[in-house]
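Worksheet: the structure to be examined is printed underneath.
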Amino acid sequence: MIRRRDTDALAELLRYSAGKTDRQALAAALLERFGGLAAVMDAPYDGLLAVSGMTRHTAVLLKLIPQLGRKAMLRPAGGSAETPEQAAAILRPHFFGQTAEVVFGLFVDRARRALECRRVSRGAERFAAIDARRLADIALARGAEGLYLAHNHPRGRPEAGPEDRAATQRLAGALGCLDIELIGHFIFSDEEYSLI
């Protein structure tokens, strides 16, 4: 179901590049074709051009917005991740505009200061594999003593399924053998998150 506020927001954005095109109709056509606002922003350039009324300039604008938004929201390494709320604030921008599941690790020192936030996996719309060895390699290279793990559910609610819980337990055990604490595992959706 396409939300009216998404159509209105996209139509307002199109005002800056769509010229005399019916912006409301173009916004509705884009949302209908790609299934949602995040999917429009992640659509391939050629796919955008295939929509009636789309111009090259508008397609370029739509391709630039997620990258610029993500860049503007990202925080540099450092800062406190002592609480789950602080960790979530550091991690959340990494999921802006993502239409596939991606997994990020926020690696922290003993005092839970952020050392690095890095993408550790990219998957499909509903699945991303997480490699314990990769997490351990990054943590050991950075001197991290703990990490928060986070992934997104781009088309759903941020509720942990049995697979999410099993993966979290497996990773906590594997990392624990190396004295690296898996502090928490976040699941983000567009507007919410949960913590395993």
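Against the chain, whose longest principal axis comes from its Cα atoms, helix 4-14 is set at around 70 degrees. Here the 3J(HN,Hα) profile of the range 172-178, calculated from phi with Karplus coefficients 6.51, -1.76 and 1.60 at θ = phi - 60°, is 4, x, 5, 6, x, 4, 9 Hz, Gly and Pro shown as x.
State the label only: which of [x] 1.05; [y] 1.38; [z] 0.95 corresponds to Rg/Rh (Cα atoms, Kirkwood Rh) computed from the shown model? Here the calculated entry is [x]. Comparing Leu30, Leu13, Leu62 in a Gaussian network model of the chain, where Cα atoms under 10 Å apart are tied by springs, the biggest mean-square fluctuation is seen for Leu13.
The packing ranking, built from the mean of other Cβ atoms within 10 Å per residue, places the peptides 104-110, 164-170 in the order 104-110, 164-170, highest first.
If I stretch the segment between Arg157 and Lys20 completely, what's the gain in nm (0.36 nm per residue apart, minus their alpha carbon distance), one decimal?
Details: separation 137, 0.36 × 137 = 49.32 nm, distance 3.76 nm.
That pair, Arg157 and Lys20, stretches by 45.6 nm at full extension.
Split the accessible area of the range 1-119 by element, probe 1.4 Å, and carbon with sulfur accounts for 55%. With respect to the chain, whose longest principal axis is taken over its alpha-carbon atoms, helix 23-34 is tilted by about 50°. Annotation: extensible slack from Glu85 through Glu32 equals 15.6 nm (criterion: 0.36 nm per residue apart, minus Cα-Cα distance). Maximal additional length on extending the Ile65-Arg134 stretch stands at 21.8 nm, based on 0.36 nm per residue less the C-alpha distance.
Applied to the range 60-68, the Karplus parametrisation 6.51 cos²θ - 1.76 cosθ + 1.60 on θ = phi - 60° returns per-residue 3J(HN,Hα) values of 4, 4, 5, 6, 7, 4, x, 5, 5 Hz, with x for Gly and Pro.
For the range 1-40, the per residue solvent-accessible surface stands at 61 Å², with DNA, RNA and ligands left out and a 1.4 Å probe. Accessible area of Arg122 (1.4 Å probe, protein heavy atoms only, ligands and nucleic acids ignored): about 120 Å². Assuming charge only on the beta carbon of Lys and Arg (+1) and of Asp and Glu (-1), the dipole of the range 90-180 about its Cα centre is about 180 debye to the nearest 20.
The values are calculated or read from the model by the stated rules, or taken from the named source; none is laboratory data. Values in this document were obtained by computation on a predicted structure and should not be read as measured data. Glycine gets a Cβ as well: all are built from the backbone with ideal geometry, and neighbour counts include every protein chain shown. Side chains included, ligands, DNA and RNA excluded: accessible areas come from the protein's heavy atoms. Shrake-Rupley method; radii C 1.70, N 1.55, O 1.52, S 1.80 Å.
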